[in-house]
4 protein chains.
Amino acid sequence: MLIVMKPSATAGDVDAVVKLVEAIGLRAHSMPGATRMEVIRVTKPYKLITLDLCPDKTVVRIADATIGGSELAIIAGPCAIENRQQAVAVAECVQRSGARFFRGCIWKPRTSPYTFQGLGDKGWEITAEIRGEFGLKIVTEAVDESNVDLIEKHGDMIQIGARNMQNFSLLKRAGRSRLPVLLKRGMAATLEEWLLAAEYIMAEGNYNVILCERGVRTFAQHTRNTLDLASVPAIRRISHLPVIVDPSHGTGTAYMVTPLARRQRAGFDAFAVRRASRGSSGNSPVCLVKWSC
Amino acid sequence: MLIVMKPSATAGDVDAVVKLVEAIGLRAHSMPGATRMEVIRVTKPYKLITLDLCPDKTVVRIADATIGGSELAIIAGPCAIENRQQAVAVAECVQRSGARFFRGCIWKPRTSPYTFQGLGDKGWEITAEIRGEFGLKIVTEAVDESNVDLIEKHGDMIQIGARNMQNFSLLKRAGRSRLPVLLKRGMAATLEEWLLAAEYIMAEGNYNVILCERGVRTFAQHTRNTLDLASVPAIRRISHLPVIVDPSHGTGTAYMVTPLARRQRAGFDAFAVRRASRGSSGNSPVCLVKWSC
Amino acid sequence: MLIVMKPSATAGDVDAVVKLVEAIGLRAHSMPGATRMEVIRVTKPYKLITLDLCPDKTVVRIADATIGGSELAIIAGPCAIENRQQAVAVAECVQRSGARFFRGCIWKPRTSPYTFQGLGDKGWEITAEIRGEFGLKIVTEAVDESNVDLIEKHGDMIQIGARNMQNFSLLKRAGRSRLPVLLKRGMAATLEEWLLAAEYIMAEGNYNVILCERGVRTFAQHTRNTLDLASVPAIRRISHLPVIVDPSHGTGTAYMVTPLARRQRAGFDAFAVRRASRGSSGNSPVCLVKWSC
Amino acid sequence: MLIVMKPSATAGDVDAVVKLVEAIGLRAHSMPGATRMEVIRVTKPYKLITLDLCPDKTVVRIADATIGGSELAIIAGPCAIENRQQAVAVAECVQRSGARFFRGCIWKPRTSPYTFQGLGDKGWEITAEIRGEFGLKIVTEAVDESNVDLIEKHGDMIQIGARNMQNFSLLKRAGRSRLPVLLKRGMAATLEEWLLAAEYIMAEGNYNVILCERGVRTFAQHTRNTLDLASVPAIRRISHLPVIVDPSHGTGTAYMVTPLARRQRAGFDAFAVRRASRGSSGNSPVCLVKWSC
């Protein structure tokens, strides 16, 4: 149920309603900024992510940078942080291109238990250097709840990967964090499942969720995944959350990143770009989109 | 096998080689404009569609209009021509928007035998009026070989629909036509299958083939089909044929046409736009993209 | 609309109603054997295929053999008839195994225009020998309308392949044939689309339609197609038409034919088995399921 | 790398090799029962799951019951344990049918945060009664690592659900358990991804892994998932692990469970059956397959 306060309601009025709601054993979500006057019974499966609740688009703020506002945000970096030399070389290139967010896995979810699983804790020293020297914000993936503790200590944004989009314990843990959460779409997730995964995070109190389209699995073999760009306008019709697109993971092929990332006020909030090659060749620079706008 | 003539070869030289090839019982394809000197054994499954054969992009000319050249081509119109009033109203709107091609089904492939199957021959009178009054070129779908005869008489471009992408008898018949062929991707066609369908047309001697991405069938339910925009750069790497995108059929939803059609030199040759609504509401205007470039 | 005659209605009574229906410009379908008394407004998209129309299962009779009755029908043979030696060797093996139907393509729909397209008319001499010597019924695929004429002259059953499941002109032509039609499911066809394709055939007057599940296209790569066995009970709930399963084309791998064909009154009417190898190795025997029931 | 000991090797010999392997910083997996003599460099992406490592099929023993042996194992029960009355009624029915395993979720992974998430710890009292009174083994799903601790205390088998098939931290934790692990295939998992998920469990030392085919996500809408029965023979060619099939979750429809579960030595080791209805109607009995063999 949605209780919309009058524009003249004071913080104290809101608090009083919240206390009342909690007194009857429910959880209250207070969303400042909503201006609609009606009382709304939300009948859709999702509640907190909807434009009904928050008609204005959410702008996620990370220090002096924003995602979902007028700024075109770019998240770029290698798939995994492999060593200091590789990560710093990529970070320099990321900063030079004007991007504000550095993405690099500390823990890498890998299909096989026998392949490189990430540097783990040794990676934090490298990210600290990148943050300090280049002023980039650190985005890294949490593969379990204990990872979230460490990202809260050392990073700026928690990524939930496609494979964990319905790891509900992890979503709940991220929902109790003060850091923004980048929620990638699952490999075969419907829009409803994806939005309800965001709802899990928001239901715990963390409203800074950024959705990331990264392609879905289909019969098509000319790309690693099939980038479903129509999910962006579809989400825009339903939700106030920012949506970003990952054309590098979404296609798996470096030469496709630029054509699929190009947009001119096309409705995307940001792009997440990582090196699109599947291999792991230490010092190759990130495949980065250049933006002229 | 590819036999590349010297730049200095005369038409007579080419003819002599063609005769030789035919004398040994093979079919010769002479592609003017190719300038490479080597002799190439083509080992890929497709031959005529490749950049190996024709390194320059094919520009399809339809009277004074082009597809695949510097002009941004737009094909627009209703799903089916339902009656004079509807078709003319849409055509006026199509012309006003600057598009040069009018698309409207005379014969409509329908999932059910009990739904409207198109006006059939009564439609030609309407298209003649549209052609005459608005100067638009007529693009319509052939659902069988006998349709091709009539489109050759009354239309400007033969569309092969998704359901018939592997109707090889129809492809061969279109390959013997002098009209350009708009070949839509099949609902579950791989890139290779689609390109080989184009190869069927070209192997009969018709080199004016335009490929049209119109979405593929996946588990996703927020759109009618999943528009696979990555097929465009993928084809560009392989083929000299123009590729166009159909964002209206590819999404099935009017409000998605504009965001998915927007591009700024993003590598697409054209867009095919039809009314995106599923219903059949006579005089509703086509949902048309406005272009500013 | 469904008009159900009283059990006491004579053939003359039925004729009178049929004439009345036709007098108002509609087509009448008389389905002998239906015994229900009510008048039914059929609101489903399909009408003639439904159990509403014909509560008893359809048994298709081909001379002394049946499909859809108590007999377990097996259709077996090579992908294409390549030459006399290959076809006769396979036919002998088919007959010895107890199967009554020989399947072999005379015209082979091929993804590439440059691969073997079938023997064409030269094949009929071979099928005549197989029919005469082994008493097998000949099942072959029609890839266009002119093929149907020839199958009517030389064969016993018309196969419509997956690629042509929505070639509506071909479906209509098969619907005007006196031969039974084996309708394979399209590569990405929903149940509704498949049943409506059968409806196209029946709407023209041919009620002897056999549905064939042959796998659908998915992301899975361990088989050529994903055999969707659940389509069989799903169709049984809706339709009176017999359903058969093609485990060889459905998997693309010889060793999977037996496990997926095994059933013990599991609800399938028959199996269509062809040599599952992708290659074309002349005289290799067909991979045939042995039945003990 | 695979080091195969001579048949005459004593336990001490094996220990010595294990110590050597560990001395160089690697993990040793000792698989008793293997009899091949060669030394094998395993080049496939999976190692421990392969028939190369263990040519005999794995038989998982749970007290006096087995999965993967000659016994036909059936796992049955409700989707979630909702209350004592419902669970006991179903358990009685499960036991009467001859099944030995009771499946019921204590923690239920749900798409929405607002729907019933399982009884949690209150459920253990109920499973204790079912175990005691009916002699059934308890199979329940772990949605995070802390769940595994509790299942080890109160249950008999750890289920890893489709949504967590690539929750690698959870797989590793299950791999350190002494309980057998039922690993369901992910919604869009390839065979290789599924087998490598099993490899994650085995690489931690737990060799009692049971694979469960439960359908994959496709465009088809007549079932909740598309049951990919061909995965069973495909896995049999590669792995020694038992494979079971879940026809209730795989189709989502009660009437399909029986036709898809029927088999007669068809190569499946067991069936997992749960109530196929999507709703949550307390005391409705489980939809259970009756076995006559």
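Here are some notes:
- Among the trypsin sites (Lys or Arg not before Pro) in the stretch D:142-185, those located in a DSSP loop and surrounded by at most 16 other Cβ atoms within 10 Å of their own Cβ are D:R176, D:R178.
- Stokes-Einstein D for the stretch A:3-155, Kirkwood Rh over Cα pairs, 4 °C, 1.567 mPa s (µm²/s): 69 µm²/s
- Taking θ as phi - 60° and the Karplus parameters 6.51, -1.76 and 1.60, the scalar couplings of the stretch A:218-233 work out to 9, 6, 5, 10, 7, 9, 5, 9, 9, 5, 9, 5, 5, 5, 5, x Hz in sequence order, x denoting glycine and proline.
- Centroid-to-centroid separation of the stretch B:178-221 and the stretch C:218-252 [C-alpha atoms, Å]: 26 Å
- Pairs of Cα atoms nearer than 8 Å and 6+ residues apart set the relative contact order; for the stretch B:1-158 it is 16 percent.
- Flagged links, alpha-carbon separation over 20 Å, of B:K122/B:K172; B:K172/C:K184; C:K108/C:K184: B:K122/B:K172; B:K172/C:K184
- Put a plus charge on the Cβ of each Lys and Arg, a minus charge on the Cβ of each Asp and Glu, and nothing anywhere else: the dipole of the stretch B:110-171 about its Cα centre is then about 220 debye.
- Convex hull volume per residue in cubic angstrom - Cα atoms of the stretch A:171-260: 95 Å³
- Quick note on the stretch C:53-129: its Rg to Rh ratio, both from C-alpha atoms and Rh being the Kirkwood radius, is 1.08.
- Residues in the stretch C:51-62 carry Karplus couplings, in order, of 5, 4, 6, 9, x, 8, 5, 6, 10, 8, 9, 10 Hz; the curve used is 6.51 cos²θ - 1.76 cosθ + 1.60 with θ = phi - 60°, and Gly or Pro positions show x.
- Dipole of the stretch D:42-111 [Lys/Arg +1, Asp/Glu -1 at C-beta], most positive-end residue of D:T50, D:G104, D:A65: D:G104
- Within the same chain, aspartates and glutamates fewer than 8 places from B:K137 are excluded, and of the rest, those with a Cα less than 16 Å from its Cα are B:D64, B:E71, B:E92, B:E125, B:E129, B:E152, B:D156.
- The equivalent ellipsoid of the stretch D:95-250 has semi-axes of 24, 19, 17 Å, largest first, where each one is the square root of 5 times an eigenvalue of the Cα gyration tensor.
- Per-copy distances of the B:T115 label point, shortest first, in nm (7 angstrom along Cα→Cβ): 3.0, 3.3, 4.3
- Near the amide H of B:L51, within less than 5 Å, lie the amide hydrogens of B:S239, B:H240, all on another chain or at least 5 residues away, with H placed in the peptide plane.
- Along the stretch C:143-158 the Karplus relation, 6.51 cos²θ - 1.76 cosθ + 1.60 evaluated at θ = phi - 60°, assigns HN-Hα couplings of 9, 8, 5, 5, 4, 4, 3, 6, 5, 4, 7, 10, x, 10, 8, 9 Hz to successive residues, with x for each Gly and Pro.
- Mean Cα-pair separation over length for the stretch C:119-274, i.e. relative contact order, pairs under 8 Å, 6 or more apart, %: 15 percent
- Charge dipole (the stretch C:132-176, unit charges on Cβ, about Cα centre) - positive-most of C:L150, C:Q166, C:I138: C:Q166
- Put simply, the amide H of C:T140, placed in the peptide plane, has neighbours under 5 Å in C:D156, C:M157, C:Q159, leaving out anything fewer than 5 places away on its chain.
- Proximal lysines relative to B:K19, as straight alpha-carbon distance under 22 Å, when same-chain residues fewer than 8 apart are discounted: B:K6, B:K47
- Distance histogram in 10 Å bins (all Cα pairs of the stretch A:130-200, percent per bin): 22, 51, 22, 6, 0
Bear in mind that the values in this text are calculations on the coordinates, not laboratory data. Please read all numbers here as calculations on a predicted model, not as lab measurements. In this analysis, Cβ positions are derived from the backbone assuming ideal geometry, glycine residues included, and neighbour counts consider all displayed protein chains.
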